[in-house]
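The block underneath contains the structure these notes are about, expressed in structure tokens.
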Amino acid sequence: MNETGGTSRAWAEIDLGALRENVRVLKERATGAQFMAVVKADGYGHGAIPCARAAVAAGATWLGTATPQEALALRAQPWLPPDVRVLCWLWTPADPWQDAVEAGIDVSVSGMWALDAVTEAARRAEKPARVQLKADTGLGRNGCQPGADWEALVAAARRAEADGVLRVTGLWSHFACADEPGHPSIAAQLTRFREMTAYAEGQGVRPEVRHIANSAATLTLPETHFDLVRPGVAMYGISPSPDLGTSADFGLRPVMRLAASLALVKQVPGGHGVSYGHQYVTPGETTLGLVPVGYGDGVPRHASGTGPVLVDGKWRTVAGRIAMDQFVVDLGGDRPAEGAQAVLFGPGDRGEPTAEDWAQAAGTIAYEIVTRIGPRVPRVHLNES
Ligand SMILES: *Cc1c(COP(=O)(O)O)cnc(C)c1O
């Protein structure tokens, strides 16, 4: 094995030292609140297990996942201290409710069907479930509607608590527009969150944690921090939105660096079509470099003709279409050797583009750029301790 995980075609370096430092920076923004490291979707493509471990080492006391499978995999880690809690928030009826209760995972409940599923699982497990009631304060996605739905859910949860079947450990919600400073929905959601938590507390709910802040809110809206913050993308060193500021503005450092080794460098005449559809034609005699990654690795095809790559100290642009396994850059007559590194993105401080640059090139968000890097690209975790 070499430092690229035994392959030199392409690899993603994951700087766990940067991740730990990002956690510290974010914790400083939210002193007094606990820190939940959001590690869903394989840690936004960075590797959930090593990233969770690094986040816990840096002071995270909660881990957050979307699916129960993600939560169970974390809970099974021998290094995970029992007092570090795992919250899982995206459930369907056939999911492993009982396994989650037995593993002591905190289960999010947004509706009556889920409260029924978790109480049933707790009875079978003969163990009280840890339940966090999720309020829809305006996102319009998961969460319980305010009013009669919330009142009924709180009442049912209180009855189950009285029966000793579960304990309500949290009341929580999620923002729609926290990355748009001044958006009127922010204040509206916050007001609704206060009302819905106050109602539940008035009914006797005693949550350990109330929480609503994602990365953008953690960074820019201190009044939203409550008892716990839940940053995801910022922990990986990426700004939640270029409108809010760059990662450097927030003192965050991108954790992933995606590189590949040139597979071929060759001279071609002017007028030479490049890649499928000949969307690029060489303007004159030049050299082409073959970068052996494509949309099969999660490099977005929408960045055909626009994606930036650092080769031999110079920014190049994807020439023509990104194919499944490869794309081409016009090297303008330069002749780096085969095997030379092509850096698609990284922290940006050694001249390379960032995931944000790729997001702009592909018309998407940097979250998607890092998260979609596929399993064919080995992750090389650096600075493990
Ligand atoms: C993904 C997610 C987060 C983290 O969001 P970021 O914008 O990446 O900080 C927090 N809470 C919930 C419910 C999420 O789904």
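Phi angles across region 145-153 convert, under the Karplus curve 6.51 cos²θ - 1.76 cosθ + 1.60 with θ = phi - 60°, into 3J(HN,Hα) values of 5, x, x, 4, 4, 5, 4, 5, 5 Hz, Gly and Pro given as x. The calculated FRET efficiency for residue 113 paired with residue 276, based on their beta-carbon distance and R0 = 51 Å, is about 0.60. From helices alone, the chain scores -8500 deg cm²/dmol at 222 nm; the rule is -39500 (n - 2.57) for each run of n ≥ 4 DSSP H residues, then divide by the residue total.
Give me the percent of accessible area attributable to carbon and sulfur for the chain, probe 1.4 angstrom. That fraction is 50 percent. For region 86-128, the dipole from Cβ point charges (+1 on Lys and Arg, -1 on Asp and Glu) about the Cα centre works out to 60 debye, to the nearest 20. Secondary structure note: in the chain, about 45% of the DSSP beta bridges are antiparallel. For region 113-215, DSSP calls about 0 percent of its internal beta bridges antiparallel. The simple spin-label model puts a point 7 Å past each Cα toward its Cβ; for residue 61 and residue 187 those points are separated by 3.2 nm. Annotation: per residue accessible area for the chain equals 41 Å², rounded to a whole number [probe 1.4 Å, protein chains only]. Remark: the residue 180-residue 249 segment gains 23.2 nm on full extension, using 0.36 nm per residue and subtracting the alpha carbon distance.
Kirkwood hydrodynamic radius of region 1-104, from the reciprocal of the average inverse Cα-Cα distance over all distinct pairs: 14.8 Å. Under the combined filter of DSSP loop state and at most 16 neighbouring Cβ atoms within 10 Å, region 108-168 retains these GluC sites (Glu not before Pro): 126. In region 59-115, the ratio of gyration radius to Kirkwood radius, Rg to Rh, stands at 0.96 when only Cα atoms are counted.
Compute the Rg/Rh shape ratio of region 106-161: radius of gyration over Kirkwood radius, all on alpha-carbon atoms. My calculation puts Rg/Rh at 0.98. Dipole of region 32-235 computed with +1 at Lys/Arg Cβ and -1 at Asp/Glu Cβ about the Cα centre; of 92, 168, 78, farthest Cα towards the positive end is 78.
Spread over its residues, the convex hull of the C-alpha atoms of region 188-228 is 58 Å³ per residue. Divided by 2.2 N^0.38 Å, where N counts the residues, the Cα radius of gyration of region 256-382 comes to 0.98. Placing pseudo-labels 7 Å out from each Cα toward the beta carbon at residue 314 and residue 268 gives an inter-label distance of 1.6 nm.
Expressed as a whole percent, the proportion of Cα-Cα pairs in region 137-270 lying more than 18 Å apart is 63%.
The ellipsoid equivalent to the alpha-carbon distribution of region 32-235 has semi-axes of 24, 23, 14 angstrom, derived from the gyration tensor eigenvalues as √(5λ) and listed largest first. Once the convex hull of the C-alpha atoms of the chain is built, how many Å³ does it hold per residue, rounded to a whole number? Per-residue hull volume (Cα only) is 140 Å³. Using only Cα atoms, locate the centre of region 308-360 and the centre of region 224-268, then give the distance between them in Å, rounded to an integer. Going from one Cα centre to the other spans 17 Å. In terms of its Cα atoms, region 124-197 spans 47, 22, 18 Å along the principal axes, sorted from long to short.
The values are calculated or read from the model by the stated rules, or taken from the named source; none is laboratory data. None of these values were measured; they are calculated from a predicted model. Cβ: placed from backbone, ideal geometry, glycine included. Neighbour counts: every protein chain shown. Each accessible area value is taken on the protein alone, full model and side chains, heavy atoms only, with ligands, DNA and RNA left out. Shrake-Rupley method; radii C 1.70, N 1.55, O 1.52, S 1.80 Å.
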